[in-house]
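Reading through the structure tokens given below for one structure.
The values are calculated or read from the model by the stated rules, or taken from the named source; none is laboratory data. Quick caveat, the model's predicted, so the values are computed rather than measured. Note that each Cβ is placed from the backbone with ideal geometry, even for glycine, and that neighbours are counted across all protein chains shown.
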Ligand SMILES: C[S@@+](CC[C@H](N)C(=O)[O-])C[C@H]1O[C@@H](n2cnc3c(N)ncnc32)[C@H](O)[C@@H]1O
């Protein structure tokens, strides 16, 4: 047996040849032998295998097959995980779909999120991390608010936004136009405990005290009640002097008075103010005053502009979304006579919609040009958390930027204390915006 094995192995080595023409019959014959040898080895091995399997009862092949199936499946699942993870971190729309909020991905691309472009592309200094840290700090403060039910006033999102911006900018003076019962005055006070406030509102917040909770600040100059003066009619030079303010870049102005925001911007620029916050930055087709959102929702901006054509994709999407989101508008609400889509049905609204002047598209276009020419920064506060967490149904997520706490991050939502708040406080988001006006030539 051993002899036979040795003789087989010596005959296996073929003659070395550099050229195929040198290969003679002997060699071909040699190869024939070799193939015979291979066949013999194979049949011996096969015999041994069969013998072994019969003895072990096919246990090993089954184990090997099982391991193979396991490896293939885990590779497949791992790849799927990576895809989901990527979608979850980079595309909140996919996530919304994952949470059952219909197919907004294509809608998002078509409806888009408008914004005002700043002259030099400058943006705010704060990051999402800063906002998250701010949220953690603000939730317990918000829980101590004196006005628990602030219907018609700010909810949680905007209260946080105003508090965060005021605290970040650390102004020497804070001005508010539109106080209602005083909730926003209280928010400003929480951000800057010792800074003077100037508050303008036709009805003094103290009047509300007779009926229920309200907030009247002890370090505030009120132009309210019988002393009310509209922001555009105040002699700001003398007010600044009285408050010892020399540098107007150290003043923060907060508007929650439902006036035409273009009008307010021009008045603020005339007075020399540079840091402005507008609470109700209504979306195109909604609201009772002309807003920056509306002003900057331009046809030349990707995703901006609209179609009033009834059979358009946008019309269909709007109808669908209207059924889910309270503030979403359909084509009938969006478009006015002559297919005017800008502002609200082609109107530039003012003063709680007591005035609603129709403007042409070219006027609207000029307004947007003007606004963008004076802005250094346009920053919309994102919603604090995604709709699957807050259960809000008012604003349409297809028209807002990614929330600070994204859908699916319930752990974070809970850690920040947001799950302790009643869901109704999240229903007042209207794209609060912070504007930094560029230095104007006097
Ligand atoms: C939505 S409420 C303000 C809510 C308040 N900022 C809050 O957080 O609760 C609008 C307020 O603007 C006031 N208002 C109306 N016209 C105004 C004007 N021209 N200037 C300032 N405030 C005005 C209203 O009386 C009302 O109190």
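Hey, among the residues in the stretch 169-185 that are away from the ligand (no atom under 14 Å from the Cβ) and assigned to a loop (DSSP other than H, G, I, E, B), which one's surrounded by the fewest Cβ atoms within 10 Å (Cβ to Cβ)? Filtering first and then ranking leaves 170. If you filter the stretch 267-283 down to residues that are at pLDDT 95 or above and more than 15 Å from the ligand (Cβ to nearest atom), you find that the one that is surrounded by the fewest Cβ atoms within 10 Å (Cβ to Cβ) is 270.
For every residue, the table says whether it meets (1) under 23 Å from residue 272 (Cα atoms); (2) surrounded by fewer than 17 Cβ atoms within 10 Å (Cβ to Cβ); (3) without any contact (Cβ under 8 Å) to a residue 24 or more places away in the chain.
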{"residue": "118", "(1), (2), (3)": "yes, no, no"}
{"residue": "127", "(1), (2), (3)": "no, yes, yes"}
{"residue": "136", "(1), (2), (3)": "no, yes, no"}
{"residue": "187", "(1), (2), (3)": "no, no, no"}
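Considering the stretch 203-223, the residues that are more than 16 Å from residue 186 (Cα to Cα) and out of contact with any helix residue (DSSP H, G or I) (no Cβ under 8 Å at 6 or more places or on another chain) include one that is farthest from the ligand (Cβ to nearest atom), namely 210. I'd like to verify a number: residues in the stretch 305-329 that are assigned to a loop (DSSP other than H, G, I, E, B) and either surrounded by 15 or more Cβ atoms within 10 Å (Cβ to Cβ) or under 20 Å from the mean Cα position of the chain (by Cα) (or both), how many? Final tally of qualifying residues: 10. Are any of the residues in the stretch 145-168 more than 14 Å from the ligand (Cβ to nearest atom), assigned to a loop (DSSP other than H, G, I, E, B) and under 29 Å from residue 124 (Cβ atoms)? No, the stretch 145-168 contains no residue that is more than 14 Å from the ligand (Cβ to nearest atom), assigned to a loop (DSSP other than H, G, I, E, B) and under 29 Å from residue 124 (Cβ atoms). Being closer than 30 Å to residue 421 by Cα and touching a helix residue (DSSP H, G or I) at 6+ places or on another chain (Cβ under 8 Å) is a description that applies to residue 329. When the stretch 348-383 is filtered for residues that are within 16 Å of the ligand (Cβ to nearest atom), under 19 Å from residue 254 (Cβ atoms) and touching a strand residue (DSSP E or B) at 6+ places or on another chain (Cβ under 8 Å), the ones remaining, listed by number, are 350, 381.
With respect to residue 261, is the statement that it is under 19 Å from the mean Cα position of the chain (by Cα), within 16 Å of the ligand (Cβ to nearest atom) and crowded, with 23+ Cβ neighbours inside 10 Å true? Write out each step before concluding.
Details: under 19 Å from the mean Cα position of the chain (by Cα): no; within 16 Å of the ligand (Cβ to nearest atom): yes; crowded, with 23+ Cβ neighbours inside 10 Å: yes.
Against the criterion (under 19 Å from the mean Cα position of the chain (by Cα), within 16 Å of the ligand (Cβ to nearest atom) and crowded, with 23+ Cβ neighbours inside 10 Å), residue 261 does not qualify.
State all residues of the stretch 240-258 that are outside any loop (DSSP other than H, G, I, E, B), surrounded by 14 or more Cβ atoms within 10 Å (Cβ to Cβ) and more than 15 Å from the ligand (Cβ to nearest atom); if no residue qualifies, say none. Hits for the stretch 240-258 are 240, 248, 249, 250, 251.
Kindly indicate whether residue 119 is modelled with pLDDT under 85 and touching a strand residue (DSSP E or B) at 6+ places or on another chain (Cβ under 8 Å). Yes.
The numbered conditions (1) in a helix (DSSP H, G or I); (2) on the phi > 0 side of the Ramachandran plot are all true for residue 121 except (1).
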